[in-house]
Amino acid sequence: MYRYILLLIFLLTGCQKTAPVTKLEGFTQGTTYHFSFVAPKDADIAAIQSDINREFARIDLALSNYRDDSAIEAFNANKTTDPIEVSNELVFLVETARRIHKASNGCYDLTVKPLFDLWGFKKHEFSPPTEEALSQTLEQVGMDKLETVSGNQLRKQLPDLRIDVSSIGQGYTVHRIADLLEERGIEQYLVEIGGELKVRGHKPDGTPWRIALEKPLPNERSLHKIVAFDDGKPMSLMASGTYRHFFDSEGKRYAHILDARSGKPVEHATVSVAILHEDPTVADAWSTALLCLGSEEGLAVANRESLAALFIDQIDDKLIETSSQAMQKIQGVSVTDK
């Protein structure tokens, strides 16, 4: 499942006359990471980096769909309808995704990978399927075909059922790294992986962490919105978009976001969805789910679920913004034009 990141780390430079900001950065999960935090005076930064690296490696081996030796790919390769023992972690992600699947009216689904393969998105070779092939592939898809037996067991109703947690796993990784920092007494931080992030506290000079949202246009790399986390309470910001990854075929544009209900790329005008939520795992999944739904259906769902969401539609050359009720009323976070 494809996720597209619209966030840029912003306004983190400048001399600090108070406590210094420790910055760690590198590559993980096929993308970059940037962590900024205020460490206790006696903190062993090398040990923290080592712990972070171990956690990255552990999550990668457990949840990466791009590794044949990962635990999740072992589950996918197991062609049985008997209960399969898995980690509590995977069950937790499946159940979180199941709740969002139901709340999104089935648009969001962890089992859609066969559809991505069918449309050629996996190999970046666009190939619209026949209706017959699409219908046959849809029979292999559905969260209702994946049963949670216990806290560490899942059961497939179809032997070939496969799950892909890339739409929720990166947010979960943000959650795990933030927890790791907090366990080491770090209470002021910005944790960002591939544009998905969580913040807590403030910068050492008391000013808020500030993030920029990119303008959702395919041929631009400019700033669109600035988000300031004013009150310092733990908060996550996730964004998904269709404007950078798509195929044009016979005069029609096809997004890489698939609606699990139809098995087809979404056709609405929504090009970006940003969501604010305390839990980065939930925020990650919902940003994809709301992008799948689009602003018209998604706004109703966001209001029903009390989600702080910003939808951006592109109509011809105009960008039209729509905010959910929770976004309009959100406290402690300010979203302004650049």
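For the reader, a short list of remarks on this structure follows.
- Qualifying residue in the stretch 271-278 (condition: modelled with pLDDT under 95, assigned to a loop (DSSP other than H, G, I, E, B) and more than 27 Å from Q188 (Cβ to Cβ)): no
- Residue match in the stretch 302-319 (condition: on the phi > 0 side of the Ramachandran plot and surrounded by fewer than 22 Cβ atoms within 10 Å (Cβ to Cβ)): yes
- Members of the stretch 256-270 found to be of a type outside the set (A, V, I, L, M, F, W, C), part of a loop (DSSP other than H, G, I, E, B) and under 24 Å from H224 (Cα atoms), listed by number: H256, E267, H268
- Selection status of I48, surrounded by 14 or more Cβ atoms within 10 Å (Cβ to Cβ), among the hydrophobic types (A, V, I, L, M, F, W, C) and within 15 Å of Y172 (Cα to Cα): no
- Near pairs, Cβ below 9 angstrom, 6+ apart or cross-chain, from the stretch 111-138 (over 23 Å from F75 (Cβ atoms) and free of Cβ contacts under 8 Å to residues at least 12 places away in the same chain) to any residue that is surrounded by 14 or more Cβ atoms within 10 Å (Cβ to Cβ) and of a type in the set (V, I, T): P129/T137
- Listed by position, the strands (runs of 3 or more DSSP E) contained in the stretch 1-112 that have at least 2 residues being at pLDDT 95 or above are 22-28, 31-37.
- Considered as a group, the residues in the stretch 113-151 that are assigned to a loop (DSSP other than H, G, I, E, B) and surrounded by 14 or more Cβ atoms within 10 Å (Cβ to Cβ) include one that is nearest to the chain's Cα centre (by Cα), and that residue is F121.
- Test: residue in the stretch 188-201 that is more than 19 Å from the chain's Cα centre (by Cα) and not in a strand (DSSP E or B): yes
- For S64, the conditions (1) hydroxyl-bearing (S, T, Y); (2) surrounded by 12 or more Cβ atoms within 10 Å (Cβ to Cβ); (3) farther than 15 Å from G171 by Cα are fulfilled apart from (3).
- Unique residue being surrounded by fewer than 16 Cβ atoms within 10 Å (Cβ to Cβ) and at pLDDT 95 or above when the list is G332, G298: G332
- The residues in the stretch 309-319 that are under 22 Å from the mean Cα position of the chain (by Cα) and not in a strand (DSSP E or B) can be counted, and the count is 0.
- Against the conditions (1) free of Cβ contacts under 8 Å to residues at least 12 places away in the same chain; (2) surrounded by 17 or more Cβ atoms within 10 Å (Cβ to Cβ), F37 satisfies every one except (1).
- Against the test of being assigned to a helix (DSSP H, G or I) and within 30 Å of F35 (Cα to Cα), the options I177, I163 yield a single qualifying residue, I177.
- Per the conditions (1) among the polar types (S, T, N, Q); (2) assigned to a strand (DSSP E or B); (3) within 21 Å of the chain's Cα centre (by Cα), the sole criterion not satisfied by S306 is (2).
- When residues of the stretch 240-264 are limited to those that are in contact with a Leu (Cβ under 6 Å, 6 or more places away or on another chain) and modelled with pLDDT of 90 or more, the one farthest from I100 (Cα to Cα): G263
The values are calculated or read from the model by the stated rules, or taken from the named source; none is laboratory data. Note that the coordinates shown come from a computational prediction; the quantities given were computed from them, not determined experimentally. Please note: Cβ atoms are built from the backbone with ideal geometry, for glycine as well, and neighbour counts cover all protein chains shown.
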